[in-house]
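Each reported figure results from applying straightforward, stated rules to the coordinates on display, with no laboratory input. This is a predicted model, so every value here is computed, not measured. Every residue, glycine as well, gets a Cβ built from its backbone with ideal geometry; the counts of neighbours run over all protein chains shown.
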Amino acid sequence: MFDILLAAVLATVAAPGDEAAIRAVRAQTNAAIAEHEVDALASSFTDDVVLVSGAGEALIGKEAMQAGFTRAFAVPGFVDYLRTPVSVTVANQGERAAERGRWVGRWQGPSGETRRSGTYLAHWVKPDGRWRIRAELYVTLACDGPGC
């Protein structure tokens, strides 16, 4: 009986590679943003994603998120957004996770580089065995450079 109970408990625990998988997807999203590849970026989000930008703009749904990034990429001098995870915590049943980290956005203009930065929290889900972002909340805490 104990063996059956132990097997059931172990089956609900997050796989040890889940944190690494989430960090790998985050690296892919950073690369997609640096390359200004909206479609590659969108593949990491659920269809019903909710994103709140550092300025407080809410984007609801994958299409709105794609439109928001398309607008951001079109801003003259936009370089990238880099998100650096500080922690990734996977739920004990492995179906969702929380990522907390720091972000930096960069724009290059004639007078130099502008950097906005802050903290973020991401809600990850694994609906089909693949980790995707369900929600992201960004908070701008600093701005440095001529565009501030």
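As a test, work out the antiparallel percent of DSSP beta bridges whose residues both lie in segment 2-144, rounded to the nearest 5. Working shown, then result.
On the way: 39 of 43 bridges.
Percentage antiparallel, nearest 5: 90.
Determine, for Thr29, Thr114, Thr140, the number of other Cβ atoms within 10 Å of each Cβ, and report the residues in order from fewest to most. Intermediate values should be presented prior to the final figure.
Values: Thr29 21, Thr114 18, Thr140 15.
Ranked by crowding around the Cβ, least crowded first: Thr140, Thr114, Thr29.
Tell me the Kirkwood radius of segment 52-99: reciprocal of the mean inverse pair distance over distinct alpha-carbon atoms, in Å. Show your work: numbers first, answer last.
Working: mean 1/r = 0.0753 Å⁻¹.
After inverting the pairwise mean of 1/r, the radius is 13.3 Å.
In a GNM of the chain with a 10 Å cut-off on Cα contacts, which of Glu99, Glu136, Glu37 has the highest mean-square fluctuation?
Of the options given, Glu37 has the highest mean-square fluctuation.
Dipole size in debye (nearest 20) for the chain around its Cα centre, Lys and Arg Cβ +1, Asp and Glu Cβ -1?
On the way: 15 positive and 17 negative charges, 65 e Å.
Roughly 320 debye for the chain.
Over 14 Å apart: what share of the alpha carbon pairs of segment 73-141 falls there, rounded to a whole percent?
Working: 1495 of 2346 pairs.
In whole percent, the share of Cα-Cα pairs in segment 73-141 beyond 14 Å is 64.
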